[in-house]
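Asks: Dumping the structure here so I can ask a few things about it.
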C-alpha cells in the first residue's frame, strides 16, 4: 500500500524478534484499534429445532391378568382424559368367580379349624387362606374388595380395571363384549404434565452442552409465549447420518399446551463457570495453518504472536488457550494491514542482508561495485531474494541490452501486466511469470528510475510507482 516503514536493525532499541515499527502518523492513518486481553467466563446460546415427545417415564399400560369378556366399557375412545383410580372397564371372568368361591371356602375352613388342638391342621388352614387371598391380590383385586367379600360373602362376577395415573388414553384395544386373553394390553395411558423435547446439536457445539443447563422453547402456534425447561439427558453417541448429537430436554406442561410431535424452536443457554483468557474473534488472523494476533507494545511498535484458540462464545469473544496474558493490548482493527507491512518489512530486511553480502564480497576481491560494472568479461550474478527477484545483472547480461554503438538501449514490459517495466529481457514478470516483450528504445543518456525494494523494475518515468509495492522510485546508477 506504499507505506513508509522504519527498519529496525539488530541491536537497536525495540528491535526484538518479529517486532515491527511503524511511524505514529501512519498508525493513525491505518485506523488501528486495540483492546485489553481479559479473563472472564464465556457464555453461548445454542439455537436449534426440537420435537416434542412423550415422557417415557410417564407411560402406562393397562392389561387384563385374567381371561374374560368385557361387560362394561367406561373409557371408550382414544384421547380421553382419565384420573388415577378412575374405572376404565368391567371384565367378567369365570376364573375370578372360582377364585372368590375358593377364598370364601378357605376362610370358612380357617374359622372352623383355628381353635383345633392340632398345630398342623391350624397351619394348613391358615396357609390355604393366605394362598387364596394372594391369588386375588395378584389379579389386582383391591384389598377393599376382598374385605367386602369377607363381610358380605357375596361373589361378584366382574372385576373393575382402573386408571393407574392421571393422563390421556393414547391407544385403546378394548371393545364392549369382546373376549380378551390374560396379558392383553387394553389401554396405553400417557401423563402429559411433563414432556420431553429432543433436539440435535452440531459437533462443535457439544462442549457447550451440560446437564441441567437452562433451555427455552417457542412454538409457532403460540407466538410470544416462552416455555422454560432444562437439559435432562445427553446421548452418548452421534447420529450416524447427520453426525449430530441428540440432546433430551424436559419441560413442565401443566396446561397440556405442549403436544407430542410438535416442532419447536429451542434455545439452550450455557455458561462456562471457569474464567478464561478471551479476546474479540475479529482480532485473530486465521491463515489456515496457524492463528496470529498483533500485540501493541510502546508507541508505534507491534509484535505478531501465534495463539492457540479454544471455544467461541457470544458477543464475538473467543477463548485463547495459550499465547496471550491478561491485560496485554491486542489489535482489533487494522491487523491485516499490519500483517501486510510486517511481510514487507521482512522482505526489506532480506534485501539489506543481500546488499551487505554483495558489498562484503566485492571488497574482498579489492573491487568496488562501480569497478564491477566496467568489466565486460566477468559475470557475477547477484543473490536471489526470498520472492525470487534477481537484484543485479552481470556486465555480460547488461551488454546484451545495449546497442553496439551505445547510443540507445531497450525497455521491456509484460503483455499481461504493462505496468511492469524492466531493462532486462530475461527477467520474467513477477506477477504471472510470462516472458517480457520489447516496449521501446530509449537514448543511452536517458535517466532511468528503479524501486529500492524491487530493482528489477526499471522505467524512464520519474513519476511512476513500483508496480509491485507502489513505492516511490529512485534514480538508477548508470
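Asks: How big is D for segment 112-217, in µm² s⁻¹ as a whole number, if Stokes-Einstein is applied with the Kirkwood radius of its Cα pairs at 4 °C and 1.567 mPa s?
Replies: 65 µm²/s
Asks: Still on this structure: Sorting 77, 251 on the 10 Å Cβ count, fewest up front, what's the list?
Replies: Values: 77 8, 251 22.
If I rank by nearby Cβ atoms, fewest first, I get 77, 251.
Asks: When you count, for each residue, the other Cβ atoms within 10 Å and take the mean per peptide, how do 222-228, 325-331, 183-189 rank with the highest first?
Replies: 183-189, 325-331, 222-228
Asks: Here is a follow-up. Taking a quarter of the surface of the convex hull around the Cα atoms of segment 180-237, what do you get in nm²? Don't jump to the answer; show the numbers that get you there.
Replies: Working: hull surface 29.9 nm².
About 7.5 nm², averaged over all directions.
Asks: Please sort 150-158, 235-243 by packing, taking for each peptide the average over its residues of neighbouring beta carbons within 10 angstrom, highest first.
Replies: Answer by packing, highest mean first, reads 150-158, 235-243.
Asks: What do you get for Rg/Rh of segment 91-154 when both radii come from the Cα atoms and Rh is the Kirkwood radius? Mind dumping the intermediate values first?
Replies: On the way: Rg = 12.4 Å, Rh = 12.2 Å.
Across segment 91-154, the Cα-based Rg/Rh ratio is 1.01.
Asks: In whole angstrom, note down how far apart the Cα centers of segment 424-478 and segment 187-248 are.
Replies: First find each Cα centre; the distance between them is then 67 Å.
Every read-out reported here was derived from the displayed coordinates using simple, explicitly stated rules and does not represent laboratory data. All values reported here derive from a predicted model rather than from experimental measurement. We place every Cβ from the backbone using ideal geometry, glycine too, and count neighbours over all the protein chains shown.
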